[in-house]
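Have a look at the structure that comes next, please.
The values are calculated or read from the model by the stated rules, or taken from the named source; none is laboratory data. None of the values given here were measured: they were computed from a predicted structure. Please note: Cβ atoms are built from the backbone with ideal geometry, for glycine as well, and neighbour counts cover all protein chains shown. Note: accessible area is taken over every heavy atom of the protein model, side chains too, but ligands, DNA and RNA are not part of it. Shrake-Rupley method; radii C 1.70, N 1.55, O 1.52, S 1.80 Å.
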Amino acid sequence: PGQASDIASASGLLEGQRGKAVLADKAYDGNDLRDQIAAMHAEAVIPSKRNRKVAIPHDAEIYRHRNQIERCFSRLKHFRRFATRYDRRTTHFTGFVHLAAAMIWLR
């Protein structure tokens with residue numbers, strides 16, 4: 001539903017994933033999600049919400065890379081095939097993501 005928060009689906013997306021850090025905005029500042037990230041042996045680079053009683057520090061230098069990731073997805077969404085996910089198979093979709101990224105890089 002439209003009123004549901006994105007943090008509800010975050011734990012399912014992180015299942016089975018590996019990485020050194022998980023970057024997210026303040027909306028994902030939840031203890032359960034932070035515990036899941038710690039169980040992955042990754043660093044949670046999430047700024048604390050304003051209403052958190054004890055602020056949890058985050059690495060501001062790593063957090064700056066979140067902007068680059070957001071801009072990358074913004075550029076990829078200009079390709080209609082990416083934005084609407086026309087491809088039914090993961091391999092076809094991944095192939096188009098590589099093609100679109102190459103086209104962006106060549107501009």
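If you compute Kirkwood radius over Cα pairs in Å for the structure shown, which of [x] 16.0; [y] 17.0; [z] 15.5 do you land on?
Computing Kirkwood radius over Cα pairs in Å and matching it to [x] 16.0; [y] 17.0; [z] 15.5 gives [x].
A further question on this structure: Just from its helices, what would the mean residue ellipticity at 222 nm be for the chain, if runs of 4 or more DSSP H residues each count -39500 (n - 2.57) and the sum is divided by every residue, rounded to the nearest 500 deg cm²/dmol?
Values: 6 runs with 55 residues, N = 107.
So the helix-based figure for the chain works out to -14500 deg cm²/dmol.
Can you bin the range 1-58 into rounded, prolate or oblate? Criterion: square roots of the alpha carbon gyration tensor eigenvalues sorted a ≥ b ≥ c, rounded for a/c under 1.5, prolate for a/b above b/c, oblate for the rest.
Working: a/c = 2.10, a/b = 1.06, b/c = 1.97.
It comes out oblate by the Cα gyration axes.
For the range 82-103, list residues with backbone N below 12 Å from a point placed 7 Å from the Cα of Leu76 toward its Cβ?
Correct set: 82-85, 93-102.
On full extension of the chain, what length is gained from Asp35 through Leu106, given 0.36 nm per residue of separation minus the C-alpha to C-alpha distance? It would help to have the intermediate numbers written out before the result.
Details: separation 71, 0.36 × 71 = 25.56 nm, distance 4.03 nm.
Contour length minus Cα-Cα distance gives 21.5 nm.
Mind checking which of Val54, His65, Leu13 is farthest towards the positive end of the chain's charge dipole, using Cβ charges of +1 (Lys, Arg) and -1 (Asp, Glu) about the Cα centre?
The residue sitting most towards the positive pole is His65.
Keeping all protein chains in place, calculate the accessible area per residue for the chain (probe 1.4 angstrom), answer in Å². Please list the in-between numbers first.
Values: 8550 Å² over 107 residues.
In whole numbers, the chain has 80 Å² accessible per residue.
Skipping prolines and chain starts, which residues have an amide H placed within reach, meaning under 5 Å, of the one on Glu43, given they are 5 or more residues away or on another chain?
It is Ala21, Val22, by chain and number.
Also, quick follow-up: Could you sort Lys49, Lys20, Lys77 by their accessible area in this structure, using a 1.4 Å probe and putting the largest first? Walk me through the numbers before you get to the answer.
Values: Lys49 85, Lys20 180, Lys77 125 Å².
Sorted descending by solvent-accessible area, the residues read Lys20, Lys77, Lys49.
On to the next question. Which parts of the range 83-106 would a label at Leu13 reach, counting a residue when its backbone N lies under 16 Å from a point 7 Å out along Cα-to-Cβ?
83-85
What order do Arg34, Arg66 take when sorted by accessible area (1.4 Å probe), most exposed first? Numbers along the way, then the final one.
On the way: Arg34 30, Arg66 55 Å².
The ranking, largest first, comes out as Arg66, Arg34.
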